[in-house]
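Report on one structure; see the data block that follows.
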Amino acid sequence: MSDISRRRVLRGAAIAVAGVAMAAPAAIAAQSAVAGAGGSGHPTGHGDHTRPEAFDEVYRGRRIQGMPIPVEGRGHTGRTGHSPHMAHEGPGYAVFVDGEELHVMRNADSSWISVVNHYETFRTPRALARAAVDELQGAVLVPMA
Amino acid sequence: MAVRKNQATLTSTEKRAFVNALLALKRSGRYDSFVTTHNEFITSDSDNGDRVGHRSPSFLPWHRRFLIQFEEALQSVDSSVTLPYWDWTDDRTAASSMWAPDFLGGTGRSLDGQVITGPFAASSGNWPINVRVDGRSFLRRSLGGGGRPLPTRAEVDSVLAMPTYDTAPWNSASDGFRNHLEGWRGVNLHNRVHVWIGGQMGTGVSPNDPVFWLHHCFIDKLWADWQRRHPDSGYLPTGGTPNVVDLHDTMRPWNDVSPQDMLDHTAHYTYDTAA
Ligand SMILES: [Cu+2]
Ligand SMILES: [Cu+2]
């Protein structure tokens, strides 16, 4: 899947979660627990890789959301990566600021970074999203060209 | 042979030549292609998948090749130009001459982080941020804004003393010289400097700030300094490692250069001093 189509899918997921409001968290929590149990096959295996629960809050006037999503690229083994876009497993979690996806990654020690804070780690996706809001100073995330 | 110099020793003529070459690459669009390439790698290099430019052993040879390519682009504009390096253990404040209006310009204003002095200020009209992660098209900095000071010489020496280049699992959790220099573990050298500068330097599109090249030139020099101190320690791993660039594997995006090919920088340039 291309980055753009993936992004559209994720945008859809965000809207879906927003639409079902209070009904969603229980289902997402259950999915998160399953994902955590199944996520032990990572070769790096450090830290607690249980996917965090979803969140949805307004921070300094910006809506920030995070939620587990299906992991990309399951079954990918080893070095086929001649395209930078096809070689990685996503973190199985998506973060949005005002509905726009914030590209996030998870580190081997289970901490998080985003495209906005790429050289500094955060313990939770919520802390990461708040740091992005602080850094954005009201600016809107844009898709990469 | 091209000599890369400490930026603190550049003459005003040398500073002007470097800045003018940067502005010429920006005008032609070539500059932004480097920003795009860097962002593609940094957002796809992952701890449990393919990793080439970051959080992996090839962090150092990948950036060495990337800097050589950029230096060649500068030299196509002005053959006298080489990349300067910024020794941030020495020039450690926003009052350094590096941040003066005749070179890189200073920190951003408090209102919105916008750099307002020097040749890369938005008001100059010469430095639009085109490859970006948010709507802001001006260069931003917040020198020292994160609160943590730049690394000290003692911290650098503690990392240069590490005898092993890199260790399994060959990612951000590794022990060894490379990961302590990159900064995911321990005293944190390279990553911390990105954060100290702030603005675009803290993001995936960090090469938008020309200081990126001076910072990475110093990281490159520290690798050369480490090699000199540990002549019996080589690049690791040497073969058969999933998702990781082994000594003789080629690196994307060039696909014709391996870490082995990058071990001896003196084939391409030298540094003015060796530690
Ligand atoms: Cu980089
Ligand atoms: Cu860097």
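The values are calculated or read from the model by the stated rules, or taken from the named source; none is laboratory data. These numbers were taken from a predicted model, which means no experiment stands behind them. Positions of Cβ are generated from backbone atoms using ideal geometry, with glycine treated the same way; all protein chains shown enter the neighbour counts. Areas reflect the complete protein model, heavy atoms only, side chains present, ligands, DNA and RNA absent. Shrake-Rupley method; radii C 1.70, N 1.55, O 1.52, S 1.80 Å.
In the stretch B:29-49, comparing the full protein assembly with the chain on its own, the residues that lose 20 Å² or more of accessible surface at a 1.4 Å probe are B:Asn39, B:Glu40, B:Ile42, B:Thr43, B:Ser44, B:Ser46, B:Asp47, B:Asn48.
In the context of the full set of protein chains, the stretch B:229-275 has a per residue accessible area of 50 Å² (1.4 Å probe). Return the residues of the stretch A:97-125 for which accessible area with all protein chains present is lower than in the chain on its own by 20 Å² or more; set the probe to 1.4 Å and exclude ligands, DNA and RNA. Residues losing area: A:His103, A:Met105, A:Asn107, A:Ala108, A:Val115, A:Val116, A:His118, A:Tyr119, A:Glu120.
Which value, in square angstrom to the nearest 100, describes the accessible area buried between chains A and B on both sides, using a 1.4 angstrom probe?
Summed over both sides, the interface buries about 3100 Å².
Figure legend: label point modelled 7 angstrom from the Cα of B:Ala8 along Cα→Cβ; residues of the stretch B:62-90 with amide N under 11 Å from it are B:86-90. Cross-link reach is defined here as a Cα-Cα straight distance under 19 Å, omitting same-chain residues fewer than 8 places apart; for B:Lys15 the lysines meeting it are B:Lys5, B:Lys26. Per residue, chain B reaches -10500 deg cm²/dmol at 222 nm when only DSSP H runs of four or more residues are counted, each adding -39500 (n - 2.57).
Each of A:Glu53, B:Glu72 has its accessible area taken with a 1.4 Å probe; listed largest first, they run A:Glu53, B:Glu72. Taking all protein chains as shown and a probe of 1.4 angstrom, B:Lys5 keeps an accessible surface of around 70 Å².
Residues whose amide H lies under 5 Å from that of A:Tyr59, counting only those 5 or more places away or on a different chain, are A:Ile64; hydrogens are built 1.01 Å from N in the peptide plane.
Accessible area per residue for the stretch B:118-184 is 34 Å², calculated with a 1.4 Å probe on protein heavy atoms, without ligands, DNA or RNA.
In the stretch B:127-163, burial by the other protein chains removes 50 Å² or more of 1.4 Å probe accessible surface, compared with the chain on its own, from B:Val133, B:Arg136. The candidates B:Asp91, B:Asp166, arranged from most to least accessible area with a 1.4 Å probe in the full protein assembly, appear as B:Asp91, B:Asp166.
Any idea what % of Cα-Cα pairs in the stretch B:87-156 are farther than 20 Å? Walk me through the intermediate numbers first.
Numbers: 869 of 2415 pairs.
Beyond 20 Å sits 36 percent of the P(r) for the stretch B:87-156.
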